[in-house]
1. Checking A:S53 against (1) surrounded by fewer than 19 Cβ atoms within 10 Å (Cβ to Cβ); (2) modelled with pLDDT of 90 or more; (3) hydroxyl-bearing (S, T, Y): exactly one of these is not met. Which one?
2. Of the residues B:Y56, B:Y41, which single one is surrounded by fewer than 17 Cβ atoms within 10 Å (Cβ to Cβ), more than 23 Å from the chain's Cα centre (by Cα) and either within 15 Å of B:S273 (Cβ to Cβ) or of a type in the set (A, V, I, L, M) (or both)?
3. For segment B:130-158, name all the residues that are outside any helix (DSSP H, G or I), more than 10 Å from chain A (Cβ to nearest Cβ), at negative phi and free of Cβ contacts under 8 Å to residues at least 40 places away in the same chain.
4. Taking B:I165 as the residue in question, decide whether it is closer than 20 Å to B:S112 by Cα and under 25 Å from the mean Cα position of the chain (by Cα).
5. Might you check whether a residue that is among the aromatic types (F, W, Y), over 21 Å from A:Y177 (Cβ atoms) and touching a Phe, Trp or Tyr at 6+ places or on another chain (Cβ under 7 Å) occurs anywhere in segment A:93-115?
6. When you check B:V192 against the structure, is it within 12 Å of chain A (Cβ to nearest Cβ) and assigned to a helix (DSSP H, G or I), yes or no?
7. Conditions: (1) under 22 Å from A:L267 (Cα atoms); (2) crowded, with 21+ Cβ neighbours inside 10 Å; (3) more than 7 Å from chain A (Cβ to nearest Cβ). B:A161 meets all but one. Number of the miss?
8. Counting only residues that are part of a helix (DSSP H, G or I) and more than 35 Å from the chain's Cα centre (by Cα), which one in segment A:1-37 is nearest to the other protein chains (Cβ to nearest Cβ)?
Amino acid sequence: MQSKLSKFYMYLFLSFLAGIILVPLYLTFISSFKTLGDLSSNVIGLPREWIFSNYTDVFGMEYFWSFAWNSLVYGVLTTVLTLICASMAAFVFAHIRFFGNRFLFNYLLIGLMFPFASAIIPLFLKVRDFGLLGTYWAVVLPQIAFGLGFAILLFRGFFKQIPPELFDAAYVDGCNYSNFFFRITIPLSVPIFSTVAVVTFVTSWNNYLLPLIMVSNEELYPWPMGIMFFRGEYDTDWSMVLTYVSLTLIPAIVFFLLAQKYIIAGLTGGAVKE
Amino acid sequence: MIKKNITSAFVEKYSTIIIFLVPALTLFTVFVVMPIFEAAYFSFYRWNGMGAPEKYVGFKNYAFLFKNGIFLNALKNNFWIIFVSLFIQLPFALFLALFLANNFRGAAVFRSLFFLPYILAEIVASLIWVYIYKGDYGLVGAIWGLFGADAPWITADKEWALTAILIVVVWKYFGIHMMIMISGLQGISKEVIEAAKIDGAGPVTTALRIKIPILWPTITLSIFLSTLGSLQLFDLIMPLTMGGPSNVTHSMVTYLYDFGVGRMRLGFGSAISVVIFIICFVVALIYQTTILKDKGYN
């Protein structure tokens, strides 16, 4: 067994690292309650006087809420449609034998290594030519397309574990493929649906490059573009910027604590399998 | 009667295949595969996106790109990002994973904590560090202040700006690799570890001789993922430096955004896209072939 001393050093080391993670977050949060003067003269300490006006100011901004709403719309549309398209495709790859099954599956998987940045110029032109600029679809459709490979990989791995005997039995009872998918596969696969949903939603919520290319209208800015916009507006008043960032951190951390299981399952499961 | 059943089963099967696959295949082909070929086509033109591309320039866009000092510097920066990711971040993640894969008291809390930066949006993580690095009211400024020195403005300093970015890269991404490796380590059967213990192997020998070799496929995956990620780094750089000061901290993608998209030089931008694509493709190919080779040995 490890000696007490080495255990002590281990905890010391881990706590030190935890500090490197937490101190920036802590400072950001604490600074959002400071006045601008306090912010520059008293960097590390607690606020000399706790002020909440930064928060009421940010909450009072109309576009603050519209950025949040837009991100929600982008996220929900992307997630729902990714779940539908990817689960159906993965079902076919996992359970139906046909000529070309493996080929089409590999075709979709090569998308995993396509660098998104390489596609931005043609994507922009395509979306413009489709007349989708200025709509939510300009961001949603490319997001779905680029997330499909990973989602299908995760779904297929899960669906494969459903025993084929189940399908044979259902088939004898007059159940066809699509019935089987809706009545048996989906109810059995709630965990993987949750995992893919969480990972897709978080990816969409955090996405920056795609909306940066597609969205020029401030009314359709998602959250990350909103933060950058806000930073530009308040570059001289960082207590406001830090308030905005804190308001981003809090829901993100709460969501992380609640959905951690799914996030980690999705990211490591997809990575380690196959 | 039976024949009719067989036919209808056949029809049902293939109509299911088609209906279930068409949405995914269409979206993927239109928005992922076609753009790469279109970029390759546009890259031979000088074009601002209006009308059809007409001014054919051959390989001039590429020639210009590889003579351009800012782009070559961006390539070099991407190389440094890969280097730090592979030789500092990953060994560090592995070292932590070897500790934290064990379920001692508090291990779960530390795991979650170290993973936390990964789930923050890049923009947010980066802005937090912009604040930390600030010379006037950031932490760095305060620490320098303690020594009575004038604080350097790290992100605006040519010497330090890239280092500032690299620190944030490690801070943000070591957690995901640690998690991937922990889930690999927890998959190693207990018997193997026990057997090593009985043979008298200490924790270090077990890690070096047994855990790391068994974990190797997972490690190569981490190498692959962080190389691809490093090649595409964009979001983290934008709030920190936007490629500045004087264009010294561009990555290939921020260069593409600034000089291709931002200035509506779409032909030139497409040439940059193609170069990024080819580099990523080669990396993926190397990964595929080494993995296949490894599987061949087993």
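The values are calculated or read from the model by the stated rules, or taken from the named source; none is laboratory data. Bear in mind the structure is a predicted one, so any value in this text is a computation, not a measurement. Cβ coordinates were reconstructed from backbone atoms using ideal geometry, including for glycine residues, and neighbour counts include every protein chain displayed.
1. It fails just one condition, (2).
2. Working: B:Y56 fails: either within 15 Å of B:S273 (Cβ to Cβ) or of a type in the set (A, V, I, L, M) (or both).
When all the criteria are applied, what remains is B:Y41.
3. Residues satisfying the conditions are B:G135, B:F147, B:A149, B:D150, B:A151, B:P152, B:W153.
4. no
5. No - not one qualifying residue is present in segment A:93-115.
6. In short, no.
7. (1)
8. Step one: list which residues in segment A:1-37 are part of a helix (DSSP H, G or I), which gives A:4-31, A:36-37.
With the extra rule that they be more than 35 Å from the chain's Cα centre (by Cα), the set shrinks to A:4-9, A:37.
Details: A:K4: 13, A:L5: 15, A:S6: 10, A:K7: 8, A:F8: 13, A:Y9: 11, A:G37: 10 Å.
In this case the residue turns out to be A:K7.
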